[in-house]
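Okay, structure first, notes after.
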Amino acid sequence: MSVRWAVLIALGLAAAWLAAQAPAQAPAAAQTPASRPAEPPLFGVMVNGRYGYMDAAARIVVRPQFDGAGDFAEGMAKAARAGKWGFIDRAGAFVVRPRYDDVGDFHDGMAWFIETDRRARGMYGYIDKQGAVVIRPTLMAAYDFCDGMAEAVLEGKGCFLDKTGQALRLERWGQVRSFSEGLGRVEDRGNFKWGYVDKKGQFAIAPRYDSAGPFREGLAAVGVAGQMTGGKLVRKPAEGFIDKAGKVVIEPSFDKAGHFSEGLACVLTGADYSTGGRSGGQWGYVDKQGKLVIQAQFDRAEGFSEGLARVRVNMLWGYIDRAGKYIVKPVYHEAWDFKDGLARVEIDGKFGYIDKTGKYVWQLTK
C-alpha cells in the first residue's frame, strides 16, 4: 500500500472517530401551522365592478377579475364567476372551482354550500378545503362551524352537526344556535326558555332564559322577558351576563346587551316601551364587573376590535377608543371592524379602507 493511500485511510478513520464522539443533533422540528410566519393580510377591493385584492400598502396583489368575492379565511376566499361561487387561494387561482349557488367562509376547515340542481333541490351541504363534499346537501339551512360543531336544520328541525355529519338533536329541543366556547344555545320546547348544552347534548346551563347570546371571553348575555299586568308593562325586559357555570355575574338591568370583546361589552339603556315595543335608548360600554365605563351616548354600538369600536350617531358611523374618545369621527354611512390594521368604510355606495387615524389607504371607489 502506498504512503498516500495510508494517509488518506488514517484521515478517514480519524474523521469517523470524531463524528462518533460528537453529540447527536436533534432533527429539525417540522413547522406546524401555529409556528409558521403569518402570511400578510389581503383586503378585497372593487375596480370597475370587478373584485380583486390588495395588500396593506394598497398594492394590487390579485387583479380585479371576479363578479363577487369575500374575505380570506383559513387561507382561502370565496369568489364568484359567471354567477357561481368557488374558492381561490392567495394567488387568485381557483382551488375549488365555481359551481355553487352560494357558499360560506371556511371555519374549522369546512364551508357550507348550496346547489339548486335537480339532485340537490336547493339544499345545503359542506365541503372541505380540497373541495370534497364531506356532508351531502340534505340540509334546509346550514351555518359556519365553530368549536367543531355547526348549527343546521335537518328535516325541518334544528340540530348541531359534527364534522362527519353526525347530527346532535333531541325531541325536546326547539331552535338551536351555534356553539361558542364549548357550549351551544338551545330552546326547550317544554317551557320555551333558552339554555346551554355541551357537545353530548346535555344541558350544562338549564333552560331558564328568554334570550341567550353566545359566550365570549367567558361570559354570555342572557335576558328575562317583561311582564304585563292589566295591559300595562309592570316590568321591563332586561338583559345581564352569566358565566359558564350559569352564575349571574352582572344582574339583568340593561335593555339590550352585546357580547364582550377586549374586556368590554356594549349595552343599551333608557329605551322606551310605552308603545308596546322597544324604541330609543342609547348605547354605552360596561366592564366585566358591570361598571359603565363609557357613558351611554350612541345610537348604536358594536364590539371592540384591535382597540377600536364602531359607533353610530345621527345615522353616521365612526370609531372610538376604550376611553370613549373619537379616534375617527362619525362620517361614514356604513363601517366594518378593524382587521389587520385597516377597516372597510362606505359613503354613498362607494367603498374604501382607512387606517386607525382615519386616513384613506384605499380611496372610495364604486
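The values are calculated or read from the model by the stated rules, or taken from the named source; none is laboratory data. Just so it is clear, the model here is predicted, and its values are computed rather than measured. Positions of Cβ are generated from backbone atoms using ideal geometry, with glycine treated the same way; all protein chains shown enter the neighbour counts.
Taking region 188-208, which residues are in contact (Cβ under 8 Å) with a residue 24 or more places away in the chain and surrounded by 14 or more Cβ atoms within 10 Å (Cβ to Cβ)?
Trp194, Tyr196, Lys199, Gly201, Ala204, Ile205
Sort out which residues of region 246-273 are part of a loop (DSSP other than H, G, I, E, B) and touching a residue at least 12 places away in the same chain (Cβ under 8 Å), and write them in order of number.
Gly246, Asp255, Gly258, His259, Phe260, Glu262, Gly263, Gly270, Ala271, Tyr273
Evaluate region 190-206: report whether one residue or more is in a strand (DSSP E or B) and among the basic types (Lys, Arg).
The answer is no; no qualifying residue exists.
Does Thr275 satisfy the criteria of being touching a Gly at 6+ places or on another chain (Cβ under 7 Å), more than 13 Å from Glu217 (Cα to Cα) and outside the structural domain of Phe338 (by TED's automatic domain parsing)?
No: the conditions fail for Thr275.
Taking only pairs six or more apart or across chains, which ones have beta-carbon atoms under 8 Å, a first residue in region 69-89 that is at pLDDT 95 or above, and a second residue that is among the aliphatic types (A, V, I, L, M) and not in a strand (DSSP E or B)?
Phe72/Leu42; Ala77/Leu42
Give region 313-346 a look and list any residue that's at positive phi and either assigned to a strand (DSSP E or B) or exposed (fewer than 15 other Cβ atoms within 10 Å of the Cβ) (or both), or say none.
Hits for region 313-346 are Asn314, Met315, Asp340, Gly341.
Between a first residue in region 340-366 that is more than 18 Å from Asn48 (Cβ to Cβ) and a second residue that is loosely packed, with under 13 Cβ neighbours inside 10 Å and not acidic (Asp, Glu), which pairs have beta carbons less than 6 Å apart while being 6 or more apart in sequence or on different chains?
Ile354/Tyr360
Of all residues in region 295-338 being more than 21 Å from the chain's Cα centre (by Cα) and among the acidic types (Asp, Glu), which is farthest from Gly284 (Cα to Cα)?
Asp321
Where residues in region 229-245 are surrounded by 15 or more Cβ atoms within 10 Å (Cβ to Cβ) and assigned to a loop (DSSP other than H, G, I, E, B), which of them is modelled with the highest pLDDT?
This residue is Lys244.
Of the numbered conditions (1) without any contact (Cβ under 8 Å) to a residue 40 or more places away in the chain; (2) under 24 Å from the mean Cα position of the chain (by Cα); (3) under 30 Å from Ala220 (Cβ atoms), Lys288 satisfies every one except a single condition; which is it?
With (1) without any contact (Cβ under 8 Å) to a residue 40 or more places away in the chain; (2) under 24 Å from the mean Cα position of the chain (by Cα); (3) under 30 Å from Ala220 (Cβ atoms) applied to Lys288, the lone miss is (1).
One line per residue, one yes/no per condition, for (1) touching an Asp or Glu at 6+ places or on another chain (Cβ under 9 Å); (2) polar (S, T, N, Q):
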{"position": "Arg177", "(1), (2)": "yes, no"}
{"position": "Gly184", "(1), (2)": "yes, no"}
{"position": "Asp188", "(1), (2)": "no, no"}
{"position": "Glu217", "(1), (2)": "yes, no"}
{"position": "Gln227", "(1), (2)": "no, yes"}
{"position": "Glu239", "(1), (2)": "yes, no"}
{"position": "Gly246", "(1), (2)": "no, no"}
{"position": "Glu251", "(1), (2)": "no, no"}
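As an exercise: evaluate Arg189 against (1) closer than 19 Å to Gly258 by Cβ; (2) modelled with pLDDT under 95 and give the number of the one condition it does not meet.
(1)
So for region 219-228 (the condition being over 23 Å from Val249 (Cβ atoms), in a strand (DSSP E or B) and over 25 Å from the mean Cα position of the chain (by Cα)), does at least one residue qualify?
yes
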